[in-house]
Structure formats: C-alpha cells, structure tokens
Amino acid sequence: MSKNVIFIGAAVVLVIVIAGVYFFNLGSSDLSNAEPDYHLTATELYSEFSSNETRASDTYIDKVIDVTGTVLAKETLKDNIVNISLDSGNPFGSVICTFSGNPEDVLSNIEIGDSLTIRGICSGMLMDVLMNNCVLVKSR
Amino acid sequence: MKKIILTVLILPLTFMVLNAQKYMTRSGYIGFYSHTPVEDIKADNNQVASILDLESGELVFQVLMRSFRFEKKLMEEHFNENYVESEKFPKATFNGKISGYQGMDIQKNGKYDVTVVGELTLHGVSREVSEKGTITINGGKIEAQSVFIIKPEDYNIEIPKIVSNKIAREIEVTVKISYDTM
C-alpha cells in the first residue's frame, strides 16, 4: 500500500516539475525557431525609423525582425552581453543588436565587415534602432 | 559649386573640433532592483544612450523602456504593458548637469564625487532630481557611476494592489556608463 502511495506521489511531483519547466520555458526568449514578422536590411529599417519614427514604432516595435547587414562594430560588455552594430548607411546611427547568453559563440563567428542576418525583437529607436534577444540566422 | 563642395568637406571637420569635449555611449548600463520579503526583481538595460560634455558638465541620458531585460518574461510584459506603459511612453530621459562644475581634464586621471541635477522624465512625468555619483577619468577614458532611489509613485506608475507586496515602493537604480569620444 505505502509503496503505491510513494510511487503515485513521485509521479505527481514529476508531472508538476515537467509542467513547471514547460510553462517557464513557454515564456523563453530564444528566437532561433521563431517565425520573423519582417525581413529587412539594416539600411531599410534605419531609414524607416529616421524618416517617420512614430509610424515605424507602430509597425516594428515588439515584432520579430530578420535584419540583414554588414557588421560595423562589435562590443562585448560585462555580464555576457554582446552588441553588434549593423551599417545603416547613415553615419549618425546604426542598427544595434544585443545578444545575451554565451558571447564567445557570437564573438567567434562574427567579424567587422561580415555580412549577416540577425533575428531579434525591435525595441525602438534612440540614436540607433535597437534590437534585443538577438540570435544569428545565417552568415554569408 | 566649388564653394558647396568645400563647405561640405569642411563642415564635418568643424563638427569634430567643436565636439572635442563631448563624450558619448550607446551601450550604457542602467539597472534597477526591487527588494521585498516576498520577491526580488532585477532588470538590466545595456542600450542606454548618453552624452557627457566635459567642457560644460552637461549630461544627457536616453533610455528605451523596452530595452530593460528581466529574468522572467512575464514580469517584463507586466512592466511594459501595465507599469511603465512603454507603448505610450517609450523613452525615459534625463537632461541635466554636474552641479558646481569646475571642469575636468581628460588627460589627468582622477576620481570625482559629483552631484548631478536636472530633469528626469519617466512615464510621461518630469521631475527635478539631484543625485550623487562618481566620475572617474583613467587613461583618457571616462566612467560615470551612480546608485539612487526612484519611487514609482512619483512618476504615476501604479502598482496594482495584488502585487503591491512583491514590488518595492523604493526602487534602487544603478547607472554605469563608459564614455568614448564622439
């Protein structure tokens, strides 16, 4: 009798743990498998924000965007954060993509001048168009 | 035509000279921390834009609210949708200057305790603030740091009663900026 109870108890706990992990990860921000809402070049994206920030904000903020461009700069901050700037064709601003997670992976793959596609969520614009939760889609 | 070309070529040069004393960043850090017995909440923003004018002591910050990263995505959603309403108020800004500024020499290493005064705009509300911080000049680089308190209620940020025991009335804000030449 007691063995059955223990077994059932363990099974219940296991189900709860699995459900918990599932629901916790449901909110996970890994975009590797996400379907992008837009495909744009860095030049196009920056140009839309700089010409009409309100309209671009309505269109692109919180959306998953695949941005293609040339790497202008690469910056590793503390806390495992890497910022990659994509050339917007405009000297006053670029598209800055922030990667978290393991920066070494991102660093070893990316060099200034590389042409690549980055998937991220657009957060809006300050001096640059800012993207977060970024993952690398493909390198050319 | 020649005059136009000449002006276009010279203009960026004058721009560079005029701005010799301005330093900026596009990846400054601002984080905040809320502590209650029930829950600790932490968020980080590594996309802060800031300009420091070493000649005048003027200091400007621009922060995109949506760039605050939380550990729990649900918290991030609540933060944006319910608390700071980032769709209505996407940016927080600070415009101010170093109080009693006497000037700083970029060539001289030093650590300065400063008080920064100015207008902080958050959630559409602007308030005059005065906060302490340190500015460190080392090897031609400038770092600014500050830790201060913000009260959400000062900026009309409403915390629903249901979660009011999970979110502190006073939020600790940490600013850490490394500046480069413009």
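With a simple spin-label model that places each label point 7 Å from the Cα along the Cα-to-Cβ direction, the separation between A:Val12 and B:Ser164 comes to 3.6 nm. Remark: accessible surface ordering of A:Met125, B:Met182, B:Met1 (largest first) is B:Met1, B:Met182, A:Met125, probe radius 1.4 Å. On the full set of protein chains, 1.4 Å probe, figure out the accessible area of B:Arg26 and give it in Å² to the nearest 10. Result for B:Arg26: roughly 70 Å² accessible.
Comparing mean-square fluctuations of A:Val17, A:Val82, A:Val71 from a GNM of chain A with C-alpha springs under 10 Å, the top value falls on A:Val17. In chain A, taking the dipole from charged Cβ atoms about the Cα centre, the farthest positive-side position among A:Ala11, A:Ala73, A:Phe99 is held by A:Ala11. Each Lys and Arg adds +1 at its Cβ and each Asp and Glu adds -1 at its Cβ; summed about the Cα centre, the range B:68-154 shows a dipole of about 360 debye. Among the listed pairs B:Lys42/B:Lys151; A:Lys74/B:Lys97; B:Lys132/B:Lys161; B:Lys42/B:Lys161; A:Lys63/B:Lys88; B:Lys88/B:Lys151, those whose Cα-Cα separation exceeds 23 Å are A:Lys74/B:Lys97; B:Lys132/B:Lys161. Per-residue ellipticity at 222 nm, computed for the protein assembly as shown from helices alone with -39500 (n - 2.57) per DSSP H run of at least four residues, works out to -7000 deg cm²/dmol. Among residues other than B:Arg169 with Cβ under 15 Å from its Cβ, the summed charge is -4 (Lys and Arg +1, Asp and Glu -1). With contacts taken as Cα pairs under 8 Å and at least 6 residues apart, the range A:46-108 reaches a relative contact order of 25 percent.
Cα centroids of the range A:78-117 and the range B:67-110: how far apart, whole angstrom? Here the answer is 22 Å between Cα centres.
Top mean-square fluctuation among B:Gln145, B:Gln107, B:Gln47, Gaussian network model of chain B, C-alpha springs under 10 Å? Top of the fluctuation ranking is B:Gln107. Averaging the sequence gap over all C-alpha pairs within less than 8 Å and six or more residues apart, then dividing by the number of residues, gives chain B a relative contact order of 24 percent. Per residue, the accessible area of the protein assembly as shown comes to 58 Å² when a 1.4 Å probe rolls over the protein heavy atoms. Taking chymotrypsin sites (Phe, Trp or Tyr not before Pro) across the range A:55-104, the ones in a DSSP loop with at most 14 further Cβ atoms lying within 10 angstrom of their Cβ are A:Phe92.
Full extension of the chain between B:Lys111 and B:Arg127 yields a length gain of 3.0 nm, computed as 0.36 nm times the residue separation minus the alpha carbon distance. For the range B:31-45 versus the range B:118-182, the inter-centroid distance based on Cα atoms is 13 Å. Angle of helix B:2-18 to the longest C-alpha principal axis of chain B, folded into 0 to 90 degrees and rounded to 10: 60°. Of all aspartates and glutamates in the structure, the ones whose alpha carbon falls short of 14 Å from that of B:Lys111, not counting any fewer than 8 places away in one chain, are B:Glu143.
Here chain B has 55 percent of its accessible surface on carbon and sulfur atoms, given a 1.4 Å probe and all protein chains in place. Solvent-accessible surface of protein heavy atoms, probed at 1.4 angstrom with all chains present, puts B:Lys166, B:Lys132 in the order B:Lys132, B:Lys166, largest first.
The values are calculated or read from the model by the stated rules, or taken from the named source; none is laboratory data. Please read these numbers as outputs of a predicted model, since none were measured by experiment. Cβ atoms come from the backbone with ideal geometry, glycine included; neighbour counts cover every protein chain shown. The area values use the complete protein model at the heavy-atom level, side chains included, leaving out ligands, DNA and RNA. Shrake-Rupley method; radii C 1.70, N 1.55, O 1.52, S 1.80 Å.
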